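Novice: I'd like to ask you about the structure that follows.
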Amino acid sequence: MKKKSTIYDVAKIAGVSPSTISRVMNTPEIVAEDTRQKVMNAVKELAYIPNMMAASMPRRKTNYIGLIIPDITNIFFSNLVRGVQDVCEKHGYSVLVVNSDDSQEKEGRYLKLLYSRRVDGVILTVAGYREKEFPEEELSLLKKMNIVLIDREINGMTTPIVKVNNFAGAYSAVKYLLTMGHRKIMYLAGIEGTKTNQEREKGYLAALREAHINWKKELTADFRLDTAYQKIMQHWSQVKNSNELPTAIFAANDLMAIGALKAFTQLKVRVSEDISIIGFDNIPFSDCTYPPLTTIAQPTYLMGQKAVETLIKLINKKKIRKSIELETELIKRNSVKKL
C-alpha cells in the first residue's frame with residue numbers, strides 16, 4: 001500500500017516550512033499569493049489530505065458539527081438534513097450525521113462519541129421517549145457542549161430550540177375537518193411522551209371543545225407508518241359498523257396518515273368518500289399518495305437552516321434567541337371531502 005504523504009513531504013517539495021503549510025491549510029488569507037500557490041501545487045502533486053483533527057488542536061476548533069436524528073428512514077428528516085448541510089457548507093463546517101433509532105442507549109452513545117471527537121456543536125432531535133427522563137450523566141455532558149435542539153425539547157434544560165407551532169398546526173387541521181362537516185374525528189397520535197405529540201393533541205382537543213363536540217378517540221401509533229397500519233386494521237375489525245367509527249382522522253404525521261391509507265385500501269374503505277384523512281409534515285411524496293394527502297406543512301428545510309445559524313452564533317459566543325417558533329400551513333388536497 002502506498003505511503004500517505006505528510007505535511008513534511010509537502011513542505012520539502014514546496015520549499016517552505018511545515019508551519020507555512022499549516023497556515024495555508026487553515027488561514028490562507030495571511031499567506032502571500034506566490035507562496036500559497038507553491039504549496040497548493042505541492043498538495044496537488046502529492047494528493048495530500050491534511051489531518052483536520054491535528055490541525056484543529058492549536059485553535060481548539062474542528063469545523064465539524066454533529067447532527068443526531070431519531071429515524072433516518074422518516075422522510076421528514078431528509079429536508080431538515082439538507083437545510084443543515086447547506087448552511088454548514090456555506091460557513092465552512094462539515095456535518096457528521098448519526099441515527100439514534102429513537103433509542104436512549106444509542107443516543108447517549110452517539111453524544112459521547114461526538115463529544116470525544118471534539119465537534120464544535122451538536123444539533124439534536126431527541127429520541128422520542130426521553131423528553132421526560134434524561135439521564136443525569138448525559139445532561140451533564142450536554143451542558144459541556146454547544147447544543148441546539150430541533151422539534152423536541154428536554155425537560156429541565158433551557159437549550160436553544162427550533163420548532164414549529166404544533167398546537168396551531170393541529171388546531172387548523174381539525175378546524176378544517178370541522179368546516180367540512182365532520183364531527184367524529186379520530187386522533188392518530190405519535191409518541192406519547194414527546195412535547196410535539198402533546199402540543200398536537202392539545203390543538204386537536206381545543207378545536208373539538210370550541211365546536212362543543214364530545215366525541216373523541218385516539219390511537220397511538222408512535223409516528224410510524226407500520227404501527228399506524230396495524231392500529232387501523234385492528235380498530236376497524238373491532239368496531240366495524242358501530243358508532244365508534246370516525247368519519248375523519250387527523251394523523252400527527254404524514255407517515256401515520258399513509259399507514260392509514262394503506263390499511264383502508266386493504267379494508268376497502270374509500271378515502272375520501274367513506275373516511276377523510278389529514279396528516280402533518282407535508283413530506284415530499286404526500287402528494288403522490290392515492291388520493292393525494294391533505295396535510296399541515298412544516299418548513300423543515302428552514303428549521304435545519306435556523307438550527308445551524310443559531311448553533312454557529314452559539315459557537316462564536318454571539319447573542320441568540322432561545323426559542324425560534326416557525327408557522328405551519330394547511331395544504332388542501334383530495335383526502336378530505338365535505339360530508
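Novice: Placing +1 at every Lys and Arg Cβ and -1 at every Asp and Glu Cβ, with all other atoms neutral, what dipole size does the chain have around its Cα centre, in debye to the nearest 20?
Specialist: For this selection, approximately 620 debye.
Novice: Toward the positive end of the charge dipole of the range 1-40, about the Cα centre and with charges on Cβ (Lys, Arg +1; Asp, Glu -1), which of Tyr8, Met40, Val24 goes farthest?
Specialist: Tyr8
Novice: Same structure again: How big is the range 232-339 by the Kirkwood estimate over distinct Cα pairs, in Å?
Specialist: So the Kirkwood estimate lands at 15.8 Å.
Novice: Calculate the radius of gyration of the Cα atoms of the range 248-310 to one decimal place, then report Dmax, the largest Cα-Cα distance, as a whole number, both in Å.
Specialist: Expressed in Å, the Cα Rg and Dmax of the range 248-310 come to 13.8, 48.
Novice: Further, regarding this structure: Using a probe of 1.4 angstrom, how much of the accessible area of the chain is carbon and sulfur, in percent?
Specialist: About 50 percent, which is the carbon plus sulfur part of the accessible surface.
Novice: Compute the Rg/Rh shape ratio of the range 90-162: radius of gyration over Kirkwood radius, all on alpha-carbon atoms.
Specialist: Checking Rg against Rh, the ratio lands at 0.93.
Novice: First obtain the Kirkwood hydrodynamic radius of the chain from its Cα pairs, then insert it into the Stokes-Einstein equation at 37 °C and 0.692 mPa s, and state the resulting D in µm² per second as a whole number.
Specialist: 146
Novice: Assuming 0.36 nm per residue, please report the length gained on full extension of the stretch Asn155 to Asn214 beyond their Cα-Cα distance.
Specialist: Length gained between Asn155 and Asn214: 18.1 nm.
Novice: Which of Lys144/Lys322; Lys216/Lys262; Lys175/Lys262; Lys262/Lys337 have a Cα-Cα distance over 21 Å?
Specialist: In this structure, Lys216/Lys262; Lys175/Lys262 lie more than 21 Å apart at Cα.
Novice: Projected onto the charge dipole of the chain (+1 at Lys/Arg Cβ, -1 at Asp/Glu Cβ, origin at the Cα centre), which of Val119, Val164, Val239 gives the Cα projection farthest towards the positive end?
Specialist: Going by the Cα projections, it comes out as Val119.
Novice: Now a separate question. With a 1.4 Å probe and every protein chain left in place, work out the accessible area per residue of the chain in Å², rounded to a whole number.
Specialist: 51
Novice: Which one of Leu113, Leu177, Leu255 has the biggest mean-square fluctuation once the chain is modelled by GNM with Cα springs under 10 Å?
Specialist: Its mean-square fluctuation being the largest, the pick is Leu113.
Novice: List the relative contact order of the range 143-250 as a percent without decimals, with contacts defined as Cα pairs under 8 Å and 6+ residues apart.
Specialist: 29
Novice: Suppose each label sits 7 Å from its Cα in the direction of the beta carbon; what would the Ser242-Ala206 distance come out to in nanometres?
Specialist: Spacing of the two 7 Å Cα→Cβ label points: 3.2 nm.
Novice: Now for a separate question. For the chain, what's the relative contact order in percent, using C-alpha pairs closer than 8 Å and at least 6 residues apart?
Specialist: After rounding, I find 17 percent.
Novice: To the nearest 0.05, what FRET efficiency results for Ile315 and Asp34 with a Förster distance of 30 Å applied to their C-beta separation?
Specialist: Given R0 = 30 Å and the Cβ-Cβ separation, E is 0.35.
Novice: Of Lys4/Lys143; Lys306/Lys332; Lys202/Lys317; Lys61/Lys202, which sit over 32 Å apart, Cα to Cα?
Specialist: Distance filter (> 32 Å) returns Lys4/Lys143; Lys202/Lys317; Lys61/Lys202.
The values are calculated or read from the model by the stated rules, or taken from the named source; none is laboratory data. Because the structure is predicted, anything quoted here is derived from the model rather than measured. So basically every Cβ, Gly included, is an ideal-geometry build from the backbone, and we count neighbours across all protein chains shown. Surface accessibility is based on the protein's heavy atoms, side chains included, excluding ligands, DNA and RNA. Shrake-Rupley method; radii C 1.70, N 1.55, O 1.52, S 1.80 Å.
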